[in-house]
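Working notes, beginning with the structure itself.
The values are calculated or read from the model by the stated rules, or taken from the named source; none is laboratory data. Computed from a predicted model, the values in this text were never measured in an experiment. As a convention, Cβ positions derive from the backbone with ideal geometry for all residues, glycine included, and neighbour counts pool all protein chains shown. Please note that ligands, DNA and RNA were not included when accessible areas were found on the heavy atoms of the full protein model with its side chains. Shrake-Rupley method; radii C 1.70, N 1.55, O 1.52, S 1.80 Å.
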Amino acid sequence: MKDIRLDSPLEGELIPLSDVQDPVFGSGAMGRGAAVKNPKGKVYAPFDGEITVFFETKHAIGMKSTDGVEILIHVGMDTVKLKGEHFTAKAAQGDTVKKGQLLLEFDPEAIKAAGYETTTPVVVTNAAEFGDITIALGDKTVTAKAAADEAAPAAAAPAEDHEYDNLPDEQRVAKLIWKYVGGKDNVRNAEHCATRLRLIINDKSKIDEKAIENIDGVKGQFFAAAQYQIILGTGFVDKVFDEFIKGTNFSGVSNKEEAYAQMSTVQKISRTLGDVFVPIIPVLVATGLFMGLRGACQALGLEFSKNVLTMSQVLTDTAFIFLPSLVCWSTMKRFGGTPVIGIVLGLMLVAPQLPNAWAAIPGGAQQPMMMDILGFSVPVVGYQGSVLPALVLGIFGAKLQKWLKTFVPDIIDLIVTPFLTLFIGMIVGLLILGPIMHGIETAVFGAVQAFLELPFGIGGLVVGGLQQVIVVFGVHHIFNALEVQLLATTGVDPFNAIITGAIIAQGGAAAAVAARTKNKKKRALYISSIVPAFLGITEPVIFGINLRLMKPFLYALVGGACAGCLASFMHLAGTGMGITVLPGTLLYLNHLLPYILVNAVGFVVAFALTFTLFRPEEDE
């Protein structure tokens, strides 16, 4: 098979496909290629050829070159939900185009502001027909090596499935999917994106996942975000979807709403916290990196002048001083309020006229400002670094604004609604919600810190052993609020050090499965799923390997528990949050060896247990 080289259709930062935080593209299930991070907003034809697919939502383009190379250019992750907003097509499906011709324009900043990732995979969807695939951008290249047995035949279909052999491919695949997902009574809703069919399932136990994977035309399947996703590929997924929904009477509600309706109360709380805190994590990651870099420099004996040190503190402390503003902004946005009102409400919680929370403590330089309310004396302070008061105030502010809009006349809504929202929000936030929520927050996080500081690393052992179980149940975003508060109050995040051991342990168990697996095709697929684990993304190895085989998942939990125990015993903590394993190294520049040791323990224990005790031929 010949090797091919293609020019990137976008300007930006070229990265390996394994760095993409999506289980389909990151694992290589859609094909081999590369991705462009922080794209500039224009897509050009990478070769002479034809546009085979140009989605109505404009977020993805399929092309075929004159010499038979088929590619998919998928702008961002889940951007199908934007329904074409922020995209402008410059070509159409069926057009014959020349290399370098402008195909699409999009607004990366607007897409990011809407809450979507803009990293754009560029994959060769018929990669099995070629050898090494190289994508070039400027002087940088990314080469996706061909697996020796990439074109190996799929497992034979059951004999009873041959009754559909004479049907068109899309009908055959649709009928077989219905057969193996448990029938029409087991599917609550269906939709599709550029590459996969997305189903909301009533009873997961009725799904025969192996049978679905063996359907000729299906490239993979997994559960994510409460959806069962079946990878079919560009163009083909549209046809299968049309056949799949014939004769059905789905609600018409989006999968996201259906998925949310199916969640338990704990899952809903976790998803809400994720929606609130994920948008502000990048700022806290950057702040943590700067803190780690400063700490490493000081550990090496580098001295800073007073002014330089002050400037570095501005860089590292600002996000935490004004943390309530960030939290309130994100909460207002999540609950449908006006984000700028959320910013002002959050700033009111840290207004300089109020006693500083860190100084207004017993024996501190300042004293709380006492307000007499209905005969009660209420202490009022600022809430620098607090999370819960801002979170609850943001929810209150969004609900209040929506309620006011139900009766305030449109002609004065622009003035009256923000005025009343801010006025009432300030009173309720500072005099009622603030004191109550701050008291609860202090008690909860005091208990968390006490648990993490249990002797002999017991707290880390429990958290490290259970963290990936929590990921499977989709409630891991609960940790976000805990980590943000720990960073704001102590300047470090011990959860991060524990979690990184649990993550790398999943990678270690999956690596052992790959090492013990004799089937070359499966081993190549496993290896491509393992790479994201070293970047802190475990969904591909959990749902594609470990959890499906169960024993490796359990051995990985043991590895995570050992690593977490060691991290707690050594009091290891990161200067930030949001990144783990290899990228997380940047948060531990002044504690690098202990961090490497924790990751090594997690990986080695999980790998050793799985390699010694697991037999792929018995369990697959």
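Count the net charge of all other residues whose Cβ sits under 14 Å from the Cβ of ALA556, scoring Lys and Arg as +1 and Asp and Glu as -1.
+1
What residues have an amide H closer than 5 Å to that of VAL187, excluding those fewer than 5 places away on the same chain, when H is modeled at 1.01 Å from N in the peptide plane?
ASN202
Relative to the first principal axis of the alpha-carbon coordinates of the chain, what is the inclination of helix 592-613, with its axis defined by its Cα atoms, in degrees from 0 to 90 and to the nearest 10?
Tilt relative to the chain: about 40 degrees.
Rounded to the nearest angstrom and ordered from largest down, what semi-axes does the equivalent ellipsoid of segment 26-140 get from its C-alpha gyration tensor (root of 5λ)?
Over the Cα atoms of segment 26-140, the semi-axes work out to 22, 17, 13 Å.
Karplus couplings for segment 84-97 from phi (6.51 cos²θ - 1.76 cosθ + 1.60, θ = phi - 60°), rounded to Hz, Gly and Pro as x?
x, 5, 6, 10, 10, 6, 10, 8, 9, 4, x, 5, 8, 10
Would you please give the residues with an amide H less than 5 Å from that of ASP7, counting only those at least 5 places away or on a separate chain, with H modeled from the backbone geometry?
ALA136
Starting with the highest mean, order 117-126, 407-416, 214-223, 389-398 by the number of other Cβ atoms within 10 Å, averaged over the residues of each peptide.
Packing order, densest peptide first, comes out as 389-398, 117-126, 214-223, 407-416.
For the chain, give the percent of accessible area contributed by carbon and sulfur heavy atoms, probe 1.4 Å, rounded to a whole number.
For the chain, the apolar C and S fraction of the accessible surface comes to 62 percent.
Would you mind pulling out the separation of the Cα centroids of segment 532-563 and segment 41-83, in Å?
33
Which length gain, in nm to one decimal place, applies between LEU309 and LEU347 when the Cα-Cα distance is subtracted from 0.36 nm times their residue separation?
11.1 nm
Give the angle, between 0 and 90 degrees and rounded to the nearest 10, that separates the Cα long axis of helix 520-530 from the longest principal axis of the Cα atoms of the chain.
20
How much accessible area per residue does the chain have, in Å², with a 1.4 Å probe?
Averaged over the residues of the chain, the accessible area is 45 Å².
Rounded to whole Hz and in sequence order, give me ³J(HN,Hα) for segment 384-396 from the Karplus expression 6.51 cos²θ - 1.76 cosθ + 1.60, θ = phi - 60°, writing x for Gly and Pro.
For segment 384-396, the Karplus-derived couplings read 4, x, 8, 10, 4, x, 5, 4, 5, 5, x, 5, 4 Hz, x marking Gly and Pro.
Under 8 Å for C-alpha pairs, at least 6 residues apart: give me the relative contact order for the chain, rounded to a whole percent. Intermediate values should be presented prior to the final figure.
On the way: 1196 pairs, mean separation 72.8, N = 620.
For the chain, the relative contact order is 12 percent.
Any chance you could look up the accessible area of THR88 with a 1.4 Å probe, heavy atoms only, rounded to 10 Å²?
For THR88, the solvent-accessible surface is approximately 70 Å².
To the nearest µm²/s, what D does Stokes-Einstein give for the chain at 10 °C and 1.306 mPa s, using the Kirkwood radius over alpha carbon pairs as Rh? Please report the intermediate quantities before stating the final value.
Details: Rh = 26.6 Å.
In µm²/s, the coefficient rounds to 60.
Treating only the Cβ of Lys, Arg, Asp and Glu as charged (+1, +1, -1, -1), what charge dipole size does the chain show about its Cα centre? Round to the nearest 20 debye. Present the calculation step by step, with values, prior to reporting the outcome.
Details: 48 positive and 56 negative charges, 115 e Å.
Roughly 560 debye, rounded to the nearest 20.
Tally Lys and Arg at +1 and Asp and Glu at -1 over the other residues with C-beta under 15 Å from the C-beta of GLY385: what net charge comes out?
That works out to -4.
What net charge do the residues around GLY459 carry, taking every other residue with its C-beta under 15 Å from that of GLY459, with Lys and Arg at +1 and Asp and Glu at -1?
Local charge sum for GLY459: -3.
For segment 509-620, what log10 I(q)/I(0) values come out of the Debye formula at q = 0.14, 0.22, 0.23, 0.24 1/Å, with one point per alpha carbon and no solvent?
Computed log10 I(q)/I(0) values: -0.57, -1.17, -1.24, -1.31.
Return the sequence-ordered ³J(HN,Hα) values of segment 497-507 in whole Hz as given by the Karplus equation 6.51 cos²θ - 1.76 cosθ + 1.60 applied to θ = phi - 60°, using x for Gly and Pro.
Coupling constants for segment 497-507: 5, 6, 5, 4, x, 5, 6, 5, 5, 5, x Hz.
At 1.4 Å probe size, with no ligands or nucleic acids counted, give the accessible surface of MET291 in Å², nearest ten.
40
Of the beta bridges DSSP finds with both residues in the chain, what % are antiparallel, to the nearest 5?
If I count the DSSP bridges inside the chain, around 95 percent turn out antiparallel.
Can you give the angle from 0 to 90° between the axis of helix 265-277 and the longest principal axis of the chain, with both taken from C-alpha atoms, to the nearest 10?
80
If amide hydrogens are placed 1.01 Å from N in the peptide plane, which non-local residues have theirs closer than 5 Å to the one on GLN93?
PHE54
So if I place +1 on the C-beta of Lys and Arg and -1 on the C-beta of Asp and Glu, and nothing else carries charge, what would the dipole magnitude of segment 439-584 be about its Cα centre? I want it in debye, nearest 20.
I would put it at about 1180 debye.
Considering the options TYR588, VAL173, ASN202, tell which one lies farthest towards the positive end of the dipole of the chain, charges being +1 on Lys and Arg and -1 on Asp and Glu at the Cβ, about the Cα centre.
Selected residue: TYR588.
Based solely on its DSSP helices, what 222 nm [θ] is calculated for the chain when runs of n ≥ 4 H residues each add -39,500 (n - 2.57) and the sum is averaged over all residues, nearest 500 deg cm²/dmol?
-14500 deg cm²/dmol
Would you mind checking the pairs LYS58/LYS175; LYS64/LYS90; LYS42/LYS246 and listing those with alpha carbons more than 27 angstrom apart?
Violating the 27 Å Cα-Cα cut-off are LYS58/LYS175; LYS42/LYS246.
At what distance in angstrom do the alpha carbon centres of segment 273-314 and segment 1-32 lie from each other?
Each part's Cα centre sits 32 Å from the other's.
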